[in-house]
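Below: one structure, written as structure tokens.
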Amino acid sequence: MSTKKHANHPHLTGEHKFGDRIQLALLILFLGVWITDSFVFQYSTFLRDVVPDYARIGVATVVLIPGWILARKGMKAVFGTLRAEPSVIDSGVFRVVRHPIYTGAILFYMGASLVTLSIASAFFLLPIIGFYIWIARYEERILTEQFGQDYLNYQKKTGMLFPKLRSH
């Protein structure tokens, strides 16, 4: 597998070499669709006439804040903490989901769509979520190669993008 390494973070196992570029391209495309639909042409925002502003903004806030927290804490755990040796990160937000940064990004896109009730941008969520599933699986192959059974055990108990519902 061709992976990108972070020179300042030798404890990281790597990621897809085009992952950051694809994320940036998806962000730009999403923002283009969202802005032109929500504020310029308003071709799929008719639900705004039915749903009050306080409801839209309230629901969007409930989605955006956890997304921001997951992404921020995930970034801090991955890039803000130096470890002597590479290891499976399974504490903090990584106890909740295996890819909190990606979950945070998905929740950002969802929240933005909810604020303006742009159906066009909501449909654009499908390829975005598909990309994050694809990139997460790619990285999980790298992590499984690196950490073997430790990572497989972590996978069993923790959801990929959304928490696993456990029966007690």
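Bear in mind these aren't lab numbers, they're just calculated from the coordinates by the rules spelled out. Given the structure is predicted, the values throughout are model-derived calculations rather than measurements. Virtual Cβ from ideal backbone geometry, glycine too; neighbours counted across all protein chains shown.
Worth pointing out:
- Angle in degrees between helix 19-35 and the longest Cα principal axis of the chain, rounded to the nearest 10: 10
- Solvent-free Debye calculation, one equal scatterer per alpha-carbon of the range 21-101: log10 I(q)/I(0) at 0.11, 0.13, 0.21 Å⁻¹ equals -0.50, -0.64, -1.06.
- Computed 3J(HN,Hα) for the range 101-110, one whole-Hz value per residue from the Karplus formula 6.51 cos²θ - 1.76 cosθ + 1.60 where θ = phi - 60°, is 5, 5, 4, x, 5, 4, 5, 4, 4, 5, glycine and proline marked x.
- Long-range amide H partners of GLY159 with built H, under 5 Å: ARG98, LYS164
- Residues SER87, SER118, SER38, SER44 arranged by fewest to most Cβ contacts within 10 Å: SER87, SER44, SER38, SER118
- Of the residues TRP34, TRP134, the one with the fewest other Cβ atoms within 10 Å heads the list, and the complete ranking is TRP134, TRP34.
- Note on TYR54 and VAL78: their simple-model spin labels are 3.9 nm apart, each label 7 Å out from Cα toward Cβ.
- Placed amide H near HIS16: partners under 5 Å, 5+ positions off or other chain: LYS4
- Semi-axis lengths, Å, the chain, gyration tensor of Cα atoms, sqrt of 5 times eigenvalues: 33, 18, 13
- Taking Cα atoms only, the orientation of helix 119-147 departs from the longest principal axis of the chain by about 0 degrees.
- Sorted by Cβ neighbour density within 10 Å, fewest at the top, the residues ARG95, ARG137, ARG166: ARG166, ARG137, ARG95
- Normalised by 2.2 N^0.38 Å, where N counts its residues, the alpha-carbon radius of gyration of the range 70-140 equals 1.28.
- Simple spin-label estimate for ARG21 and ILE129 in nanometres, 7 Å along Cα-Cβ: 2.8
- Unit charges on C-beta of K, R, D, E only; dipole of the chain, Debye: 380
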